[in-house]
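No value in this document is a laboratory result; all are computed from the given coordinates. This one's a predicted model, so the numbers in the text were calculated from it and none came from an experiment. Reconstructed Cβ throughout: ideal geometry from the backbone, glycine too, with neighbour counts over all protein chains shown.
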Ligand code: SF4
């Protein structure tokens with residue numbers, strides 16, 4: 001049983017982060033934010049893919065001024081990602097649901113005080129986003145780009161906000177490799193109660209980003225660390241959401257949709273299991289109810305797995321069994337099995353139990 005670290009609950013728009021709130025999945029658009037139509041189009045794609053919170057980069061004033069128009073056309077909570085320039089934060093704070101900014105980069109306490117006041121007036125939180133590759137000079141010189149340096153930077157920025165009386169904070173500590181990422185979050189976790197945004201930054205293409213994120217985020221989630229996450233992928237937007245949701249589901253942190261148990265196949269196989277599982281996955285993707293299902297290539301392990309599954313197929317030679325809650329409900333030709341299986345899953349998904 002995973003014991004989640006008790007953190008403060010904050011709100012990014014309508015989405016709670018921390019405390020007992022479900023762990024949310026975030027992503028980021030890659031349009032020029034000032035291009036409102038293109039940015040809204042990407043946000044809607046992310047929404048449709050299952051994203052909970054979206055972030056946009058705000059490198060200049062034109063981007064900051066576009067935020068109100070973007071916000072008016074979307075229903076996902078919106079975060080503005082800002083570096084160095086407090087004026088952009090002041091504009092953004094009028095319309096977004098959270099600001100990602102590192103107070104230590106703003107230049108003066110007075111400027112940051114204005115930003116904090118603007119956020120407090122609208123009740124929006126601030127994410128302190130520490131990246132190993134861009135630590136403040138004093139921490140880079142003292143610690144290098146190490147977990148200790150990342151934690152020192154986070155603590156410095158947290159204190160900066162606390163000293164200004166602001167505590168609606170979440171924190172991220174991202175490095176581009178698994179070891180430093182995990183270590184940094186582990187080191188900081190016992191030192192405060194703010195919610196953590198998890199992520200491995202610049203994680204690479206879909207294949208490697210998936211593996212790095214699954215190891216790092218999976219490890220932390222199993223230790224009860226993490227309240228929201230982003231999987232960072234050099235690839236399409238939907239992939240980030242698909243992988244993020246899969247990490248939550250496959251680590252056992254979130255119960256959502258089908259948990260598909262399927263065998264790797266071997267010389268005993270007498271059916272086209274690969275295509276059957278692909279069909280099952282595609283045809284049940286819309287189902288949100290958590291169900292355990294198994295699709296197995298022969299009787300050797302199929303019956304044992306089916307006993308614990310809500311719905312199962314056990315393939316044999318040219319035919320197979322459909323089992324529901326461990327009981328055989330049909331013996332059908334091979335080409336009828338997937339249709340019947342999907343029908344049983346749909347029925348169970350709609351049932352009240
Ligand atoms: S279930 Fe049957 S086909 Fe699948 S891996 Fe096991 S022995 Fe092989």
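Axis angle, to the nearest 10 degrees, between helix 109-121 and the longest C-alpha principal axis of the chain: 50 degrees.
Note on residue 45 and residue 60: the model spin-label points, each 7 Å out from Cα along the C-beta direction, lie 2.4 nm apart.
If R0 is 30 Å, what FRET efficiency do you get for residue 327 and residue 1 from their C-beta distance, rounded to 0.05?
Details: r = 29 Å, r/R0 = 0.98.
FRET efficiency, residue 327 to residue 1: 0.55.
A simple packing score, the average count of other Cβ atoms within 10 Å per residue, orders the peptides 221-231, 84-94 as 221-231, 84-94, with the highest score first.
Placing pseudo-labels 7 Å out from each Cα toward the beta carbon at residue 193 and residue 335 gives an inter-label distance of 6.4 nm.
For the pair residue 167 and residue 351, what calculated FRET efficiency results from E = 1/(1 + (r/R0)^6), where r is the Cβ-Cβ distance and R0 = 45 Å, to the nearest 0.05?
Details: r = 44 Å, r/R0 = 0.99.
E between residue 351 and residue 167, to the nearest 0.05, is 0.50.
Volume per residue for the chain equals 145 cubic angstrom (convex hull of Cα atoms).
Between residue 286 and residue 114, what is the FRET efficiency for a Förster distance of 41 Å, r being their Cβ-Cβ separation, to the nearest 0.05? Here the calculated transfer efficiency is 0.35.
Report the extension gain between residue 134 and residue 215 in nm, rounded to one decimal, defined as 0.36 nm multiplied by the number of residues separating them, less their alpha carbon distance. Could the numbers behind the result be given before it?
Working: separation 81, 0.36 × 81 = 29.16 nm, distance 2.32 nm.
Working it through step by step, the gained length comes to 26.8 nm.
Note that the stretch 258-350 carries a Kirkwood radius of 12.7 Å, evaluated over its alpha carbons pair by pair. Take the Cα of residue 73, step 7 Å toward its Cβ, do the same at residue 222, and the gap between the two points is 4.4 nm. Seen against the Cα atoms of the chain and their longest principal axis, helix 61-72 is set at about 50 degrees.
Given the peptides 257-269, 37-49, 119-131, arrange them by the average over their residues of other C-beta atoms within 10 Å, most packed first. Don't skip to the end; give the middle numbers.
Numbers: 257-269: 14.6, 37-49: 17.3, 119-131: 20.2.
For the peptides 257-269, 37-49, 119-131, the packing ranking is 119-131, 37-49, 257-269.
One way to sum up the overall shape of the stretch 1-154 is the equivalent ellipsoid from its Cα gyration tensor, whose semi-axes run 25, 21, 15 Å, largest first.
Here is how the number arises for the chain: DSSP H runs of 4 or more residues each give -39500 (n - 2.57), the sum is divided by the residue count, and the result at 222 nm is -13500 deg cm²/dmol.
The antiparallel fraction among DSSP beta bridges confined to the chain stands at about 30%. Using alpha carbons only, how many degrees (0 to 90, rounded to 10) separate the axis of helix 299-308 from the longest principal axis of the chain? Between helix and principal axis, roughly 60 degrees.
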